[in-house]
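Enquirer: First the structure, which I've put down as structure tokens, then a few questions once you've had a look.
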Number of protein chains: 2
Amino acid sequence: MVDNKNLNQSIIKAFILLDAFTNDKKEWGVRELANKTGYNKSTVYRLLSTLVSLNVIHQNENEKYRLGSKLFELGNRVSLYQSLITVTNQPIKNVALEIQETVLLGALKEQQVFYLNKADSLQGLKISTSIGSYQPIHATASGKLLLAFSSVNTQENYLKNNSLTAFTQNTITKKNELKSKLQIIKNQKYALDLEEFELGLICIAIPIFNKKGNAIASISASGPSSRFRLENVQNYISILQKGAHSIENSLQDFDSL
Amino acid sequence: MVDNKNLNQSIIKAFILLDAFTNDKKEWGVRELANKTGYNKSTVYRLLSTLVSLNVIHQNENEKYRLGSKLFELGNRVSLYQSLITVTNQPIKNVALEIQETVLLGALKEQQVFYLNKADSLQGLKISTSIGSYQPIHATASGKLLLAFSSVNTQENYLKNNSLTAFTQNTITKKNELKSKLQIIKNQKYALDLEEFELGLICIAIPIFNKKGNAIASISASGPSSRFRLENVQNYISILQKGAHSIENSLQDFDSL
DNA sequence: CTAAAGCGTTTCATTTAATGAAACGGTGTT
DNA sequence: AACACCGTTTCATTAAATGAAACGCTTTAG
């Protein structure tokens, strides 16, 4: 790895700017972005102008900036996920229809859960987790599940290098508690998130195995606690499992992500 | 628009590098990329290192570089297209199954055709046009179709500012010829590309209308001329039209793209 | 109707960072 | 054992990014 001092500062700044454009805040002005990032407004303006000239960012009629088609184009070229997305589109959609909640496909990536694909429920109340986003391992069903099915090395490495931040009063914050929870999850072959990341949000995750028997991804259903009944867990799981098997049958040679 | 001299050169170089990662060439080495772009290999190395540190590019075990998850993440945040893609996934897939050729969803963007979504045929011989890519208006079925259904202003603006480059011996290169062709296309409500962009490649496109009656997108089928029979045009069109109607029914309030 | 405050944009002297040639250390090949 | 090729690092030179202030414009306030 190259020394930190040798990294190109303009590029880093450009991507920090791009990261400010989220689903919750899609549009930014120059001064606004300068305040948010701490960069000089001239710098922000020039960086944005450059990105506009490359179609990485578009400028609205109201002068506000938003993400542009070049990112869409490049995002669609990221080959690692293409086949996995194609293969999972239909199965997770079917699960979402049957389960009537948002369905997400997750994978471990850099000590976090990375969401690869999503099928929205048709319900009015939807969760906002978006494709391509990350969430903490210890506070999510997908995260705990995937960690539970990881190697002992991966687990210990994770526990050593991460502090378990509390997001709600239900978040697991003690490493010993998480460790024994992982054992339970592996035995019961599913994981729950009972408002551990966000109050009012419940989630169930089960593993997707490749032919070598490794859990390479998770399929999960998320919905508001108001709709969730603990006695229906087995029902949710059996629907998710239909989806998981359908995906597993289509999978060819994914070892990991 | 900002003066060209004020654009950030590092960012431009970074995106020129990223653009080298195509579906046909997904992996690059440092020297290889340096040769391709004309940049010094030290520069390429440092740019790549920066992009790796940002997860914009990943490095394989064999030291080769490829596009990374940050682009996937950002690409999925480009909001302009999200709902249109969700709405069209299933219809174009159905069309692809029935028509047995690659189906593309196109829209006009900056005097070019921009492909928003794609459903592959199951045939061995597939076309390589990818989501997010651009093609010239005058040499494609989708381009000619969308231009034909554009306003007179848009048409004349296009004809004024673009020269009609020949890609094959069949490409329309005379502006008067294109102009009269547009009239025909608008009347018959479909457009053909008979090896006008790439030899051996045939394409049929029909419009998708919004509720205001504007053609906001095209749906097209592309395949090798060896499989294509002119007498089947009406059959292709009726299958495409089923897909178009299905999309039109799902569309809510897209005026343009 | 004018003043003030907001915005994106441009300017220009100053500073900081990107640059390229060459060397380095590793791997695989002849 | 010699060579060729790779990604990587070094360091003096050069070129480009930077920030404060001013600009022109639009929107809001008095």
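The values are calculated or read from the model by the stated rules, or taken from the named source; none is laboratory data. Not measured: the values here are computed from a predicted model. We place every Cβ from the backbone using ideal geometry, glycine too, and count neighbours over all the protein chains shown. To get the accessible areas, we keep the full protein, side chains included, count just its heavy atoms, and leave off ligands, DNA and RNA. Shrake-Rupley method; radii C 1.70, N 1.55, O 1.52, S 1.80 Å.
Enquirer: Work from the charge dipole of region B:79-250 (Cβ charges, +1 for Lys and Arg, -1 for Asp and Glu, about the Cα centre) and give the residue of B:LEU146, B:SER222, B:ASN94 farthest towards its positive end.
Expert: B:LEU146
Enquirer: Non-local amide H neighbours of A:ALA217 (under 5 Å, H modeled in plane, Pro and chain starts lacking H): which ones?
Expert: Close amide H contacts, sequence-distant or interchain: A:ILE208.
Enquirer: When the Kirkwood radius is taken over all Cα pairs of region B:103-251, what Stokes-Einstein diffusion coefficient follows at 10 °C and 1.306 mPa s, in µm²/s?
Expert: 104 µm²/s
Enquirer: Could I ask something else about it? Report the Cα centroid-to-centroid distance between region A:97-128 and region B:14-45 in angstrom, as an integer.
Expert: When both Cα centres are located, 35 Å separates them.
Enquirer: Name the residues of region A:36-61 whose accessible area, probed at 1.4 Å, falls by at least 10 Å² once all protein chains are in place instead of their chain on its own?
Expert: A:TYR45, A:ARG46, A:LEU47, A:SER49, A:THR50, A:LEU51, A:VAL52, A:SER53, A:LEU54, A:ASN55, A:VAL56, A:HIS58
Enquirer: Let me ask something else. Could you please report the charge total around B:THR102, scoring K, R as +1 and D, E as -1 over all other residues with beta-carbon less than 15 angstrom from its beta-carbon?
Expert: -1
Enquirer: I want the local charge near B:GLY132. Using Cβ-Cβ distances under 13 Å, sum +1 for each Lys or Arg and -1 for each Asp or Glu among the other residues.
Expert: For residues surrounding B:GLY132, the net value is +2.
Enquirer: Give me the net charge of B:ALA205's neighbourhood, meaning all other residues with Cβ under 14 Å from the Cβ of B:ALA205; Lys, Arg count +1, Asp, Glu -1.
Expert: With Lys, Arg at +1 and Asp, Glu at -1, the neighbours total +2.
Enquirer: Return a single number: how many Lys pairs in region A:48-124, at a sequence separation of 8 or more or on separate chains, have alpha-carbon atoms below 24 angstrom apart.
Expert: Lysine pairs meeting both conditions in region A:48-124 amount to 4.
Enquirer: Just in region A:159-225: which trypsin sites (Lys or Arg not before Pro) are loop by DSSP and have at most 15 other Cβ atoms within 10 Å?
Expert: Here the trypsin sites (Lys or Arg not before Pro) that fit, given the DSSP loop and packing criteria, are A:LYS174, A:LYS189, A:LYS211, A:LYS212.
Enquirer: In units of 2.2 N^0.38 Å, what is the alpha-carbon radius of gyration of region A:4-74?
Expert: For region A:4-74, the normalised Cα radius of gyration comes out at 1.06.
Enquirer: So if I place +1 on the C-beta of Lys and Arg and -1 on the C-beta of Asp and Glu, and nothing else carries charge, what would the dipole magnitude of region A:79-250 be about its Cα centre? I want it in debye, nearest 20.
Expert: Charge dipole, region A:79-250, about its Cα centre: 380 debye, nearest 20.
Enquirer: Now for a different question. Residue by residue through region A:198-208, what is 3J(HN,Hα) from phi via Karplus (6.51 cos²θ - 1.76 cosθ + 1.60, θ = phi - 60°)? Round to whole Hz and write x for glycine and proline.
Expert: 9, 5, x, 10, 10, 8, 10, 10, 10, x, 10
Enquirer: Provide the per-residue ³J(HN,Hα) series for region B:180-190, in order, calculated from phi with Karplus coefficients 6.51, -1.76, 1.60 and θ = phi - 60°, each as a whole number of Hz, with x at glycine and proline positions.
Expert: Going residue by residue, I get 6, 4, 4, 5, 4, 4, 5, 5, 7, 6, 8 Hz, with x marking Gly and Pro.
Enquirer: List the accessible area buried at the contact between A and B, summed over both sides and calculated with a 1.4 Å probe, in Å² to the nearest 100. The partial results should precede the final answer.
Expert: Values: alone 14440 and 14400 Å², together 24050 Å².
Interface area, both chains combined: 4800 Å², rounded to the nearest 100.
Enquirer: Sticking with this structure for a sec: Using a 1.4 Å probe on the protein chains only, how many percent of the accessible area of region A:190-237 belongs to carbon and sulfur?
Expert: 51 percent
Enquirer: Per residue, how much accessible area does region A:4-74 show when a 1.4 Å probe rolls over the protein heavy atoms, in square angstrom?
Expert: On the way: 3330 Å² over 71 residues.
For region A:4-74, the per-residue accessible area is 47 Å².
Enquirer: Per residue of region B:164-170, in order, report the coupling 6.51 cos²θ - 1.76 cosθ + 1.60 (Karplus, θ = phi - 60°) as ³J(HN,Hα) in whole Hz, putting x for Gly and Pro.
Expert: Result, rounded to whole Hz: 8, 5, 8, 9, 9, 6, 9.
Enquirer: Where Rh is the Kirkwood radius over the Cα pairs of the protein assembly as shown, the temperature 25 °C and the viscosity 0.890 mPa s, what D in µm²/s does Stokes-Einstein return?
Expert: Values: Rh = 24.9 Å.
The calculation lands on 99 µm²/s.
Enquirer: In terms of modelled amide H atoms, which long-range or inter-chain residues lie less than 5 Å from the amide H of B:LYS189?
Expert: It is none; the list stays empty.
Enquirer: Taking GluC sites (Glu not before Pro) as exposed when DSSP calls them loop (any state but H, G, I, E, B) and at most 10 other Cβ atoms lie within 10 Å, what is the longest stretch of chain A free of them, the sites themselves excluded?
Expert: Result, exposed sites excluded: A:111-257.
Enquirer: Hey, if we sort B:LEU108, B:LEU51 by accessible area with the 1.4 Å probe, largest down, what's the order?
Expert: Largest accessible area first, the list is B:LEU108, B:LEU51.
Enquirer: Let me ask another. Could you state the number of Å between the C-alpha centres of region A:197-222 and region B:162-203?
Expert: Centre-to-centre distance over Cα atoms comes out at 50 Å.
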